[in-house]
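This report refers to the structure that appears directly beneath it.
The values are calculated or read from the model by the stated rules, or taken from the named source; none is laboratory data. All values reported here derive from a predicted model rather than from experimental measurement. With ideal geometry, Cβ positions are generated from the backbone for all residues, glycine too; neighbour counts draw on all protein chains shown.
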Amino acid sequence: MSASLTVDLGNTTQMGLSIYSGAVYAASGGIIGQTIDMLNADTFCNLVVAGTPLFTSGQLRIVVQTADVTTSGDFTDPTSGIPAGSLPTSFASGTMLWLNSGQAGSGVLGGGVSGQNLQSGFMVGAGFQRPGRFVRANIVSGDFYAGTLTVGFISHRKTTGSGGGFTFNPTSGDVNV
């Protein structure tokens, strides 16, 4: 725990939008999100997802990937090497966030599938330790979700000491939480 509290998200955090779409139909193919440079942010990061289905509820899986460079093929699962049973927050293995209707008690509400009724619209967040400078979100192909979708990342800016502001050092790969 820290004595610092986030009061004004606009001035104390770094945010980035990876996926924004007026209409997503996950059954027709996966979506690779935009790469976000989180150089000036602490390494504990939150994935934020908001959407409204167009006509029905259905499964939606979102995968988080990180890398220290933006070369294709260098993005990996930030949970690699973490012992079983100690995955961060609501993510399943492979840093996959499952959202779906009718399966309460897991996922965002406790570890696999959210149990939310996505038909009425939703906004969820899930935290993870970001080992790389760059981060992106991907939508998994073959799911039934169809609707608007916004997927982004938010993290505290790096600070020097206990005061406000941020520093360009240490690098994003060093843990500074």
Condition first: at pLDDT below 60, within 26 Å of residue 13 (Cβ to Cβ) and part of a loop (DSSP other than H, G, I, E, B). Can you find one or more residues in the range 89-107 that meet it?
no
I need the full set of residues from the range 22-43 which are modelled with pLDDT under 90 and closer than 17 Å to residue 124 by Cβ, in order please.
24, 26
Select, from 110, 73, the only residue that is modelled with pLDDT of 75 or more, over 22 Å from residue 28 (Cβ atoms) and surrounded by fewer than 17 Cβ atoms within 10 Å (Cβ to Cβ).
73
The range 41-65, residues that are over 16 Å from the mean Cα position of the chain (by Cα) and under 17 Å from residue 136 (Cβ atoms):
none
For the structure I just gave you, tell me whether residue 58 is within 21 Å of residue 149 (Cα to Cα), modelled with pLDDT of 90 or more, crowded, with 18+ Cβ neighbours inside 10 Å and not charged (D, E, K, R).
no
